[in-house]
Structure formats: C-alpha cells, structure tokens
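Colleague: Next up is a structure, given as structure tokens.
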Amino acid sequence: MNYRIAYSFGFHPWEDAAVDPPFVAKITELFEREEEGRQPPYGSVLDIGTGSAIWGVELAKRGWQVTGIDIVDKALRRGRERASTAGVDMKFVQGDVTKLEHADVGAGFRLVLDSGTFHDFDEARQWAMGRGITAVAAPDATLLLLAWPKRRRPLIRGASREEIERAFPEWEITHVEPSHFRLPKPMQWLLRPDEHWYRLRRP
C-alpha cells in the first residue's frame with residue numbers, strides 16, 4: 001500500500017481499530033502483559049510505522065517513553081497533534097522503517113511495536129526491517145508484531161509465520177494470538193484480514 005497517497009486522500013481505515021472494542025481490549029491485554037509486575041516508567045518503545053500515533057500515544061499515557069517512526073509527513077503531523085492533545089511527550093522521526101540505520105531513532109528499546117507495517121513488504125524489505133529492529137532493540141526486548149496472513153488480496157500483501165521467523169532469526173516467537181479486529185462486512189469479505197499478534201522475544 002502507498003501510505004503517502006492514502007493519507008493525502010484521507011484514507012486511513014486502519015485507524016478504525018482504535019474504536020473497535022475487541023481489538024482495543026486485545027492490544028490493552030498485550031500492553032498489560034509487558035507491564036506486569038513492574039511500575040512506570042516502563043522503558044523505551046519504538047513504534048514502527050506509527051502513523052497518527054494512536055498506539056504510541058496510548059503507550060506514552062501508560063508510562064512508556066515512546067519514539068514513533070513513519071515515512072509519511074502528514075501522518076506524523078497528525079501524530080504530533082494527537083500527542084499534544086493527550087498531553088504526552090513522544091519523539092517523532094520521519095524515516096523508512098526498512099532503513100532504521102539511517103534514522104535517528106536511538107537504541108536500547110525494551111519494546112518494539114509494529115501494528116501493521118511488516119506485512120506490507122516483500123521479503124527483502126522484511127529482512128531489512130528485521131535487521132534494523134534487531135540492531136536498535138535491547139538484548140531482552142519484546143516485539144509485538146501485527147500481521148495479516150499471506151494470501152492474494154488487494155492492498156495488503158500479508159506475511160507468513162515462516163517469513164517472520166526468517167526476518168527475525170535472533171528472536172523467538174512466544175505467542176500468536178488473534179487481534180479480534182473486524183472490518184465492515186464488504187471489506188471483511190474482500191480483504192479477509194484474519195490478523196494475528198506475534199510476540200517475539202530475544203532469547
């Protein structure tokens with residue numbers, strides 16, 4: 001998907017997840033799992049493909065120190081406005097998530113969140129994204145990665161478990177869980193998202 005064009009036309013249906021109760025309940029459960037037994041501040045987060053920073057802002061509100069990266073300037077402007085309205089501090093970086101070595105995101109991230117970027121890429125860019133994340137993540141980091149399954153459909157390529165494992169050879173998949181997100185019926189039938197959260201840890 002060309003996100004620059006999508007944002008220029010005001011087309012960003014992925015933001016609907018923020019008002020989808022089952023999806024919100026699931027992602028909240030995932031955040032709570034990473035926070036269990038700890039007190040804020042929880043540490044640093046890299047929000048991959050942050051877009052308008054829906055989940056980056058939510059993590060900042062919960063007590064994480066969040067850096068969001070996205071290639072689309074309009075999305076980042078929306079994200080900055082969202083963070084300002086919420087009254088939270090969040091660092092925004094414009095850059096290519098498959099070229100993190102050229103982006104000023106920092107390093108040592110305890111948590112990396114990708115709520116729907118990896119599954120857009122061909123395998124070469126998946127590997128590039130995986131190498132970049134591994135380079136900036138802390139030794140004991142967690143990655144929460146949302147992916148649609150790989151199948152023929154418009155807009156979203158999808159990704160298989162095997163592709164995720166190949167892109168993150170130094171990580172271990174610990175959980176695979178449905179996101180519970182559902183599109184409106186015509187879009188659900190056309191795109192068949194059946195998306196799942198993959199939780200990966202560095203052993």
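The values are calculated or read from the model by the stated rules, or taken from the named source; none is laboratory data. Quick caveat, the model's predicted, so the values are computed rather than measured. Positions of Cβ are generated from backbone atoms using ideal geometry, with glycine treated the same way; all protein chains shown enter the neighbour counts.
Colleague: Given Leu100, Leu113, which one is touching a helix residue (DSSP H, G or I) at 6+ places or on another chain (Cβ under 7 Å) and either under 22 Å from Asp194 (Cβ atoms) or loosely packed, with under 13 Cβ neighbours inside 10 Å (or both)?
Modeller: Leu113
Colleague: Identify all residues within the range 116-146 that are among the small types (Gly, Ala, Ser), surrounded by 16 or more Cβ atoms within 10 Å (Cβ to Cβ) and modelled with pLDDT of 95 or more; write none if there are none.
Modeller: Within the range 116-146, Ala128, Gly130, Gly132, Ala137, Ala141 meet the criteria.
Colleague: Kindly indicate whether Ile164 is under 20 Å from Trp55 (Cβ atoms), free of Cβ contacts under 8 Å to residues at least 60 places away in the same chain and β-branched (Val, Ile, Thr).
Modeller: Considered against the rule, which asks whether it is under 20 Å from Trp55 (Cβ atoms), free of Cβ contacts under 8 Å to residues at least 60 places away in the same chain and β-branched (Val, Ile, Thr), Ile164 comes out as yes.
Colleague: Also, I was wondering about something else. Of all residues in the range 122-162, how many are in a helix (DSSP H, G or I) and of a type in the set (Ser, Thr, Tyr)?
Modeller: Summing the residues that are in a helix (DSSP H, G or I) and of a type in the set (Ser, Thr, Tyr) in the range 122-162 gives 1.
Colleague: Considering (1) within 21 Å of Phe23 (Cα to Cα); (2) buried (at least 22 other Cβ atoms within 10 Å of the Cβ); (3) not hydrophobic (A, V, I, L, M, F, W, C), say which one Asp70 fails and leave the rest.
Modeller: Here Asp70 clears every test but (1).
Colleague: Check the range 41-56 and report whether any residue there is among the hydroxyl-bearing types (Ser, Thr, Tyr), closer than 22 Å to Ala138 by Cβ, modelled with pLDDT of 95 or more and more than 14 Å from the chain's Cα centre (by Cα).
Modeller: yes
Colleague: Still on this model: Quick check on this structure: which one of Pro149, Pro178 is surrounded by fewer than 19 Cβ atoms within 10 Å (Cβ to Cβ) and either farther than 29 Å from Ala103 by Cα or modelled with pLDDT of 95 or more (or both)?
Modeller: Answer to the check: Pro178.
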